[in-house]
1. Would you confirm whether any residue within region 123-130 is among the acidic types (Asp, Glu), surrounded by 17 or more Cβ atoms within 10 Å (Cβ to Cβ) and in contact with a Ser or Thr (Cβ under 8 Å, 6 or more places away or on another chain)?
2. Could you please find all residues in region 71-87 being under 17 Å from Val109 (Cβ atoms) and out of contact with any Ser or Thr (no Cβ under 7 Å at 6 or more places or on another chain)?
3. Being within 20 Å of His217 (Cα to Cα) and of a type in the set (A, V, I, L, M) is the filter here; which residues of region 113-167 pass it?
4. Go through the residues of region 94-104 one by one and say whether even a single one is surrounded by fewer than 24 Cβ atoms within 10 Å (Cβ to Cβ) and among the polar types (S, T, N, Q).
5. Which ones in region 151-176 are among the basic types (Lys, Arg) and buried (at least 17 other Cβ atoms within 10 Å of the Cβ)?
6. Does region 7-17 contain at least one residue that is of a type outside the set (Asp, Glu), closer than 24 Å to Val155 by Cα and surrounded by 15 or more Cβ atoms within 10 Å (Cβ to Cβ)?
7. Only residues that are over 23 Å from the mean Cα position of the chain (by Cα) and acidic (Asp, Glu): list them for region 15-44, please.
8. Tell me the residue from Gly74, Gly54, Gly89 that is buried (at least 20 other Cβ atoms within 10 Å of the Cβ), modelled with pLDDT of 95 or more and either over 28 Å from Ile135 (Cβ atoms) or in contact with a strand residue (DSSP E or B) (Cβ under 9 Å, 6 or more places away or on another chain) (or both), please.
Amino acid sequence: MTRLYDDPATFMDDMLEGFLDVYSTYVVGVPGGAVRATETRPGKVAVVVGGGSGHYPAFCGVVGPGFADGAVVGNIFTSPSADDAYSVGRAASGGGGVLFSTGNYAGDVMNFTQAQQRLNAEGTDTRVVFVTDDIASAPRDEIHKRRGIAGDFVVFKIAGAAADQGYDLGAVERVTRLANARTRTLGVAFSGCTLPGADRPLFTVPTGKMGVGLGIHGEPGSLRTQPAHFSWPTALHPSTTSASDASSTPRCAATASAASLRSPARNVCCIDSARMSWRSRHRVDAVPR
(Lines give C-alpha, C1' and ligand atoms only; values in the text may rest on other atoms or scores of the structure.)
Protein backbone atom coordinates (compact mmCIF):
# COMPACT_ATOMS: atom_id res chain seq x y z
CA MET A 1 0.00 0.00 0.00
CA THR A 2 1.46 3.37 -1.07
CA ARG A 3 0.62 6.66 0.63
CA LEU A 4 1.42 10.22 -0.36
CA TYR A 5 1.82 12.74 2.44
CA ASP A 6 3.20 16.23 3.06
CA ASP A 7 4.85 16.55 6.46
CA PRO A 8 5.41 13.27 8.36
CA ALA A 9 5.01 15.19 11.64
CA THR A 10 1.39 16.09 10.77
CA PHE A 11 0.50 12.86 8.99
CA MET A 12 -2.33 11.87 11.35
CA ASP A 13 -3.92 15.33 11.43
CA ASP A 14 -3.71 15.68 7.64
CA MET A 15 -5.13 12.21 7.13
CA LEU A 16 -8.09 12.81 9.42
CA GLU A 17 -8.81 16.25 7.92
CA GLY A 18 -8.82 14.80 4.41
CA PHE A 19 -10.98 11.85 5.43
CA LEU A 20 -13.57 14.11 7.06
CA ASP A 21 -13.62 16.35 3.98
CA VAL A 22 -14.06 13.53 1.47
CA TYR A 23 -16.71 11.70 3.51
CA SER A 24 -18.51 14.67 5.03
CA THR A 25 -21.85 13.11 4.08
CA TYR A 26 -21.20 10.27 6.51
CA VAL A 27 -18.91 11.52 9.28
CA VAL A 28 -18.08 14.70 11.18
CA GLY A 29 -15.07 15.51 13.26
CA VAL A 30 -15.16 15.93 17.02
CA PRO A 31 -12.23 16.46 19.42
CA GLY A 32 -10.34 13.18 19.42
CA GLY A 33 -11.84 11.58 16.32
CA ALA A 34 -15.05 11.27 14.32
CA VAL A 35 -18.73 10.36 14.75
CA ARG A 36 -21.58 9.71 12.34
CA ALA A 37 -22.92 12.75 10.54
CA THR A 38 -26.39 11.94 11.87
CA GLU A 39 -27.02 12.12 15.60
CA THR A 40 -27.29 8.87 17.50
CA ARG A 41 -30.90 7.75 17.75
CA PRO A 42 -32.29 8.52 21.23
CA GLY A 43 -31.94 5.47 23.47
CA LYS A 44 -29.64 3.65 21.09
CA VAL A 45 -26.36 2.17 22.34
CA ALA A 46 -23.40 4.07 20.91
CA VAL A 47 -20.55 1.82 19.76
CA VAL A 48 -17.23 3.66 19.83
CA VAL A 49 -14.07 2.01 18.50
CA GLY A 50 -10.56 3.33 18.26
CA GLY A 51 -6.81 3.04 18.39
CA GLY A 52 -3.75 4.39 16.69
CA SER A 53 -3.57 5.52 13.06
CA GLY A 54 -1.94 3.41 10.38
CA HIS A 55 -4.46 0.56 10.29
CA TYR A 56 -6.66 1.73 7.44
CA PRO A 57 -9.60 1.63 7.05
CA ALA A 58 -9.63 1.49 10.85
CA PHE A 59 -10.64 3.26 12.76
CA CYS A 60 -12.63 6.20 11.41
CA GLY A 61 -13.35 4.22 8.23
CA VAL A 62 -15.77 1.94 10.07
CA VAL A 63 -18.03 4.73 11.31
CA GLY A 64 -21.46 4.40 9.72
CA PRO A 65 -24.80 2.56 9.75
CA GLY A 66 -24.50 -1.01 11.00
CA PHE A 67 -21.01 -0.40 12.26
CA ALA A 68 -19.53 2.12 14.71
CA ASP A 69 -21.12 5.34 15.93
CA GLY A 70 -17.76 6.93 16.57
CA ALA A 71 -14.01 6.35 16.32
CA VAL A 72 -11.20 7.62 18.50
CA VAL A 73 -8.09 8.38 16.45
CA GLY A 74 -4.58 8.28 17.89
CA ASN A 75 -1.26 9.06 16.28
CA ILE A 76 0.52 6.42 14.18
CA PHE A 77 0.69 3.14 16.12
CA THR A 78 -0.09 5.09 19.31
CA SER A 79 -3.07 4.80 21.60
CA PRO A 80 -5.40 7.81 21.66
CA SER A 81 -5.55 9.58 25.00
CA ALA A 82 -8.18 9.05 27.67
CA ASP A 83 -9.40 12.60 26.97
CA ASP A 84 -9.88 11.74 23.28
CA ALA A 85 -11.80 8.54 24.08
CA TYR A 86 -13.97 10.38 26.60
CA SER A 87 -14.66 13.19 24.10
CA VAL A 88 -15.74 10.87 21.28
CA GLY A 89 -17.78 8.69 23.63
CA ARG A 90 -19.63 11.69 24.97
CA ALA A 91 -20.25 13.09 21.47
CA ALA A 92 -21.59 9.75 20.19
CA SER A 93 -23.83 9.02 23.16
CA GLY A 94 -27.56 8.96 22.50
CA GLY A 95 -28.71 8.11 26.00
CA GLY A 96 -28.65 4.33 25.64
CA GLY A 97 -25.14 3.86 26.97
CA VAL A 98 -21.74 3.59 25.32
CA LEU A 99 -19.75 0.52 24.37
CA PHE A 100 -16.03 1.07 23.78
CA SER A 101 -14.10 -1.57 21.85
CA THR A 102 -10.46 -1.61 20.84
CA GLY A 103 -7.49 -3.95 20.57
CA ASN A 104 -5.94 -5.40 23.71
CA TYR A 105 -2.87 -3.17 24.04
CA ALA A 106 -1.56 -1.63 27.27
CA GLY A 107 -2.08 1.99 26.24
CA ASP A 108 -5.55 1.37 24.83
CA VAL A 109 -6.58 -0.63 27.89
CA MET A 110 -5.46 2.13 30.24
CA ASN A 111 -6.90 5.07 28.31
CA PHE A 112 -10.23 3.57 27.27
CA THR A 113 -10.77 2.30 30.82
CA GLN A 114 -10.16 5.79 32.19
CA ALA A 115 -12.62 7.22 29.66
CA GLN A 116 -15.15 4.57 30.68
CA GLN A 117 -14.76 5.53 34.33
CA ARG A 118 -15.27 9.24 33.57
CA LEU A 119 -18.43 8.61 31.55
CA ASN A 120 -19.81 6.29 34.23
CA ALA A 121 -19.13 8.94 36.87
CA GLU A 122 -21.22 11.39 34.83
CA GLY A 123 -24.15 8.99 34.63
CA THR A 124 -23.53 7.50 31.17
CA ASP A 125 -23.48 3.71 31.50
CA THR A 126 -20.32 2.68 29.64
CA ARG A 127 -18.80 -0.74 29.00
CA VAL A 128 -15.55 -1.72 27.28
CA VAL A 129 -14.53 -4.85 25.35
CA PHE A 130 -10.90 -5.44 24.40
CA VAL A 131 -10.35 -7.65 21.35
CA THR A 132 -8.02 -10.66 21.81
CA ASP A 133 -8.09 -12.61 18.54
CA ASP A 134 -4.36 -13.03 17.75
CA ILE A 135 -3.34 -16.63 18.49
CA ALA A 136 0.37 -15.89 17.92
CA SER A 137 0.70 -13.41 20.76
CA ALA A 138 -0.04 -15.64 23.77
CA PRO A 139 -0.88 -19.29 24.53
CA ARG A 140 -4.41 -20.54 25.02
CA ASP A 141 -4.20 -20.43 28.82
CA GLU A 142 -3.28 -16.73 28.65
CA ILE A 143 -5.93 -15.52 26.21
CA HIS A 144 -6.32 -12.32 28.21
CA LYS A 145 -2.82 -11.34 27.02
CA ARG A 146 -3.53 -11.78 23.32
CA ARG A 147 -3.49 -8.83 20.93
CA GLY A 148 -6.35 -7.57 18.83
CA ILE A 149 -5.48 -7.56 15.12
CA ALA A 150 -7.71 -8.31 12.10
CA GLY A 151 -10.39 -9.74 14.37
CA ASP A 152 -11.16 -6.19 15.47
CA PHE A 153 -13.32 -5.76 12.39
CA VAL A 154 -15.47 -8.82 13.13
CA VAL A 155 -16.03 -7.80 16.73
CA PHE A 156 -16.71 -4.14 15.85
CA LYS A 157 -19.17 -5.14 13.10
CA ILE A 158 -21.18 -7.46 15.35
CA ALA A 159 -21.28 -4.83 18.11
CA GLY A 160 -22.45 -2.17 15.67
CA ALA A 161 -25.08 -4.40 14.08
CA ALA A 162 -26.48 -5.37 17.47
CA ALA A 163 -26.70 -1.74 18.54
CA ASP A 164 -28.41 -0.71 15.30
CA GLN A 165 -30.93 -3.54 15.79
CA GLY A 166 -31.96 -1.97 19.09
CA TYR A 167 -30.23 -4.28 21.56
CA ASP A 168 -29.79 -2.71 24.98
CA LEU A 169 -26.31 -2.10 26.40
CA GLY A 170 -26.13 -5.38 28.30
CA ALA A 171 -27.08 -7.36 25.19
CA VAL A 172 -24.67 -5.45 22.96
CA GLU A 173 -21.85 -6.14 25.41
CA ARG A 174 -22.82 -9.82 25.60
CA VAL A 175 -22.78 -10.46 21.84
CA THR A 176 -19.60 -8.41 21.46
CA ARG A 177 -17.83 -10.56 24.04
CA LEU A 178 -19.18 -13.69 22.36
CA ALA A 179 -17.89 -12.50 18.99
CA ASN A 180 -14.48 -11.88 20.52
CA ALA A 181 -14.46 -15.30 22.19
CA ARG A 182 -15.25 -16.98 18.84
CA THR A 183 -12.78 -15.06 16.67
CA ARG A 184 -9.20 -16.23 16.03
CA THR A 185 -6.67 -14.81 13.57
CA LEU A 186 -3.04 -15.27 12.57
CA GLY A 187 -1.08 -12.53 10.81
CA VAL A 188 1.17 -13.24 7.82
CA ALA A 189 3.11 -10.88 5.53
CA PHE A 190 5.79 -10.77 2.84
CA SER A 191 7.28 -7.43 3.88
CA GLY A 192 7.30 -4.89 6.69
CA CYS A 193 5.65 -1.48 6.77
CA THR A 194 7.48 1.83 6.43
CA LEU A 195 6.41 4.67 8.71
CA PRO A 196 5.92 8.18 7.25
CA GLY A 197 9.30 9.91 7.20
CA ALA A 198 11.28 6.68 7.57
CA ASP A 199 13.65 5.50 4.82
CA ARG A 200 13.35 1.75 5.46
CA PRO A 201 10.72 -0.76 6.63
CA LEU A 202 10.45 -1.80 10.26
CA PHE A 203 11.51 -5.31 9.28
CA THR A 204 12.20 -7.34 6.16
CA VAL A 205 11.27 -10.83 5.02
CA PRO A 206 13.64 -12.77 2.73
CA THR A 207 12.48 -13.33 -0.85
CA GLY A 208 10.42 -16.50 -1.13
CA LYS A 209 9.53 -16.50 2.56
CA MET A 210 6.63 -15.16 4.58
CA GLY A 211 6.50 -13.99 8.17
CA VAL A 212 3.98 -15.75 10.41
CA GLY A 213 2.50 -14.38 13.60
CA LEU A 214 2.97 -10.70 12.82
CA GLY A 215 1.37 -7.91 14.80
CA ILE A 216 -0.11 -4.71 13.36
CA HIS A 217 2.57 -2.30 14.57
CA GLY A 218 5.55 -3.72 12.73
CA GLU A 219 6.10 -6.67 15.05
CA PRO A 220 8.04 -9.10 12.82
CA GLY A 221 6.34 -12.35 13.82
CA SER A 222 7.46 -15.58 15.41
CA LEU A 223 8.72 -17.56 12.39
CA ARG A 224 9.46 -17.38 8.68
CA THR A 225 8.48 -20.13 6.31
CA GLN A 226 7.69 -20.93 2.70
CA PRO A 227 4.39 -19.34 1.63
CA ALA A 228 1.45 -21.57 2.46
CA HIS A 229 -1.24 -22.40 -0.05
CA PHE A 230 -4.57 -21.32 1.40
CA SER A 231 -7.73 -23.03 0.20
CA TRP A 232 -11.29 -23.66 1.28
CA PRO A 233 -11.92 -27.16 2.63
CA THR A 234 -14.15 -28.92 0.08
CA ALA A 235 -17.04 -29.24 2.55
CA LEU A 236 -16.91 -25.53 3.37
CA HIS A 237 -16.50 -24.08 -0.12
CA PRO A 238 -19.32 -21.55 -0.81
CA SER A 239 -20.26 -23.46 -3.96
CA THR A 240 -21.36 -26.44 -1.82
CA THR A 241 -23.93 -24.48 0.19
CA SER A 242 -27.39 -23.16 -0.60
CA ALA A 243 -30.09 -20.90 0.78
CA SER A 244 -31.55 -23.91 2.60
CA ASP A 245 -28.59 -23.77 4.99
CA ALA A 246 -29.86 -20.55 6.56
CA SER A 247 -31.44 -22.31 9.52
CA SER A 248 -28.36 -24.34 10.39
CA THR A 249 -25.63 -23.66 12.93
CA PRO A 250 -23.41 -20.89 11.50
CA ARG A 251 -19.76 -21.72 11.07
CA CYS A 252 -17.32 -20.13 8.70
CA ALA A 253 -13.71 -21.26 8.52
CA ALA A 254 -10.57 -21.22 6.42
CA THR A 255 -7.61 -23.55 6.82
CA ALA A 256 -3.97 -23.33 5.79
CA SER A 257 -2.39 -26.43 4.25
CA ALA A 258 1.27 -25.80 5.05
CA ALA A 259 3.64 -28.68 5.69
CA SER A 260 5.54 -26.58 8.21
CA LEU A 261 2.40 -26.02 10.28
CA ARG A 262 1.95 -29.45 11.78
CA SER A 263 -1.35 -29.29 13.65
CA PRO A 264 -4.30 -28.51 11.32
CA ALA A 265 -6.55 -27.87 14.32
CA ARG A 266 -4.33 -24.98 15.34
CA ASN A 267 -4.43 -23.36 11.93
CA VAL A 268 -8.16 -22.89 11.60
CA CYS A 269 -9.28 -19.26 11.65
CA CYS A 270 -12.88 -19.49 12.75
CA ILE A 271 -15.68 -16.97 13.14
CA ASP A 272 -18.86 -18.14 14.82
CA SER A 273 -21.74 -15.87 15.75
CA ALA A 274 -25.47 -16.03 16.32
CA ARG A 275 -26.20 -14.06 13.16
CA MET A 276 -24.20 -14.16 9.93
CA SER A 277 -25.11 -13.40 6.31
CA TRP A 278 -23.57 -16.67 5.09
CA ARG A 279 -24.33 -19.88 6.92
CA SER A 280 -23.25 -23.48 6.47
CA ARG A 281 -24.59 -26.77 7.79
CA HIS A 282 -21.03 -28.09 7.92
CA ARG A 283 -18.94 -27.96 11.07
CA VAL A 284 -15.22 -27.88 11.67
CA ASP A 285 -13.63 -30.39 14.07
CA ALA A 286 -11.37 -27.75 15.57
CA VAL A 287 -12.01 -25.74 18.69
CA PRO A 288 -10.94 -22.07 18.47
CA ARG A 289 -7.67 -21.78 20.36
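1. Initially, region 123-130 is screened for residues among the acidic types (Asp, Glu), giving 125.
Those left that are additionally surrounded by 17 or more Cβ atoms within 10 Å (Cβ to Cβ): 125.
Subsequent filtering for residues that are in contact with a Ser or Thr (Cβ under 8 Å, 6 or more places away or on another chain) retains none.
Scanning region 123-130, I find no residue that is among the acidic types (Asp, Glu), surrounded by 17 or more Cβ atoms within 10 Å (Cβ to Cβ) and in contact with a Ser or Thr (Cβ under 8 Å, 6 or more places away or on another chain), so the answer is no.
2. Residues of region 71-87 under 17 Å from Val109 (Cβ atoms): 72, 74, 77-86.
Listed by number, the residues that qualify are Val72, Phe77, Thr78, Ser79, Pro80, Ser81, Ala82, Asp83, Asp84, Ala85, Tyr86.
3. Val131, Ile135, Ala136, Ala138, Ile143, Ile149, Ala150, Val154, Val155
4. Yes: one or more hits.
5. Restricting attention to region 151-176, the residues satisfying the condition of being among the basic types (Lys, Arg) are 157, 174.
Scanning region 151-176 gives a single hit, Lys157.
6. Yes, because at least one residue in region 7-17 is of a type outside the set (Asp, Glu), closer than 24 Å to Val155 by Cα and surrounded by 15 or more Cβ atoms within 10 Å (Cβ to Cβ).
7. Selection gives Asp21, Glu39.
8. On the way: Gly74 fails: modelled with pLDDT of 95 or more; Gly54 fails: modelled with pLDDT of 95 or more.
Within the list Gly74, Gly54, Gly89, the selection yields Gly89.
The values are calculated or read from the model by the stated rules, or taken from the named source; none is laboratory data. Remember, predicted model here, so these are calculated numbers, not experimental data. Positions of Cβ are backbone-derived with ideal geometry, glycine not excepted, and every protein chain shown enters the neighbour counts.
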